[in-house]
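Structure first, then comments.
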Amino acid sequence: MDDSSRSSTAGTHEWVSFPDQEEDRTWQFDVTFLTSSWTCLFGKGCQGVLTGAAPELEQGCCSYGAHFTDKKDARRVEAAAQELDSELWQFHQRGRKHGVVRRLADGDLGTRTVKGACIFLNRPGFAAGAGCALHLAAERQGVSHVELKPDVCWQLPLRREDQTDTDGHVTSVIRQWDRRHWGEGGSEFHWWCTEDPAAFTGDRPVYVAMRAELESMVGRGVYRRLAEYLDRRTGPVPVQLLAHPSIRQPPQQVSS
């Protein structure tokens, strides 16, 4: 590929789509992200989503609490909170007294915040460890965190978008969560993980590392079809894949 071709692919992602075998739906997947080596850097250099770098706070993307996708999502998390104890949850007493769900300014439901971050976020120095109390509870129970955490939390940095055509056909897109998906506030983030090469250092491709999340988002049958395709692309004789923009080498400058 020459320099002009590399330049033209800046920010480009490769996609694959296929029809659902059981529904009037087409699935579209971001191959570039799903085959990348992205990995969560929480507690390992994540700078957070505030307006300045704050890795020492270990807040990750929990600074503003979580938006629930619907009432069912909120009720599920409320039920999970009832099973938490003070050993795993730093703000256990606050949660019991005031609840964990609040009405946001836009009318949606979200998690309550305490001292500048989500009520479920244990802060550095807490005996059970910094991070989401719901995540710690899932590990102790031997279940996937998908079962306990708000939908947006276990999905990140994956995102599902559904669009229904006038004829009722649904197009479902699975992609990386970009800065813009946070709304106007996203532009104020000092840092976002899918833009930093430091986050693309995992030992497995995203579609393997986040299998549980993907199966919950698309179903096991659809995931199996996706994984079979991506396995062929990344197998012993891999087919060339477009590198993720965050780690893609810029074109070399040609001296005159």
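Since every read-out is calculated from the coordinates, none of them should be taken as a lab result. The structure displayed is predicted, hence computed values, not measured ones. All Cβ positions, even for glycine, are placed from backbone atoms using ideal geometry, and neighbour counts span all protein chains on display.
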Residue by residue through region 184-197, which ³J(HN,Hα) values in whole Hz follow from phi under the Karplus form 6.51 cos²θ - 1.76 cosθ + 1.60 (θ = phi - 60°), with glycine and proline marked x? 4, x, x, 5, 8, 4, 5, 7, 9, 5, 6, 10, 10, x
Using θ = phi - 60° and Karplus 6.51 cos²θ - 1.76 cosθ + 1.60, couplings along region 101-114 (whole Hz; Gly, Pro as x): 10, 9, 8, 7, 4, 7, x, 6, 9, x, 6, 5, 10, 9
Charge tally for neighbours of Gln176 with beta carbon under 12 Å away, counting Lys, Arg as +1 and Asp, Glu as -1, is +1
Which are the unpartnered cysteines of the chain, meaning those with no other cysteine Cβ under 4.7 Å from their Cβ? Cys40, Cys46, Cys61, Cys132, Cys153, Cys193
Candidate lysines - alpha carbon under 22 Å from Lys71, same-chain residues fewer than 8 apart omitted: Lys97, Lys149
Over region 62-153, one equal point on each Cα, no solvent: what is log10 I(q)/I(0) by the Debye formula at q = 0.13, 0.14, 0.22, 0.23 Å⁻¹? -0.37, -0.43, -1.11, -1.22
Across the chain, where is the longest run that never hits trypsin sites (Lys or Arg not before Pro) in a DSSP loop with at most 12 other C-beta atoms within 10 Å? 116-256
Would you indicate which of (i) 0.95; (ii) 1.10; (iii) 1.27 is the value of Cα Rg over 2.2 N^0.38 Å derived from the coordinates of this structure? (ii)
Given +1 on the Cβ of Lys and Arg, -1 on the Cβ of Asp and Glu, and no further charges, what dipole in debye does the chain carry about its Cα centre, rounded to the nearest 20? 800 debye
Quick one: net charge of Lys71's neighbours, Cβ under 13 Å, K/R +1, D/E -1? -1
Once amide hydrogens are built 1.01 Å from N within the peptide plane, the residues lying 5 or more places from Val101 or on another chain with amide H under 5 Å from its amide H are Arg112
Starting from the alpha-carbon convex hull of region 141-256, give the projected area averaged over all orientations, in nm². 12.7 nm²
Going residue by residue through region 126-136, the Karplus relation 6.51 cos²θ - 1.76 cosθ + 1.60 with θ = phi - 60° gives ³J(HN,Hα) values, rounded to whole Hz and with x marking Gly or Pro, of 5, 4, 7, x, 6, x, 6, 4, 5, 5, 4
Amide H neighbours of Trp15 under 5 Å, counting only residues 5+ apart in sequence or on other chains, H built in-plane at 1.01 Å? Val31
Along its three principal axes, how long is region 1-112 when you only count alpha carbons? Whole Å, largest extent first please. 62, 44, 29
Sorted by chain and number, the residues with a modelled amide H under 5 Å from that of Gly65, at a separation of 5 or more or across chains, are Cys118
Only bridges with both residues in the chain count here: give the DSSP antiparallel percent, nearest 5. 80 percent
At a 10 Å Cβ-Cβ cut-off, how would you order Phe18, Phe42, fewest neighbours first? Phe18, Phe42
Please get the size of the charge dipole for region 2-113, origin at its Cα centre, with Cβ charges of +1 on Lys and Arg and -1 on Asp and Glu, quoted in debye to the nearest 20. 820 debye
Net charge near Asp151: determine it from the other residues with C-beta under 15 Å of the C-beta of Asp151, scoring Lys and Arg +1 and Asp and Glu -1. -2
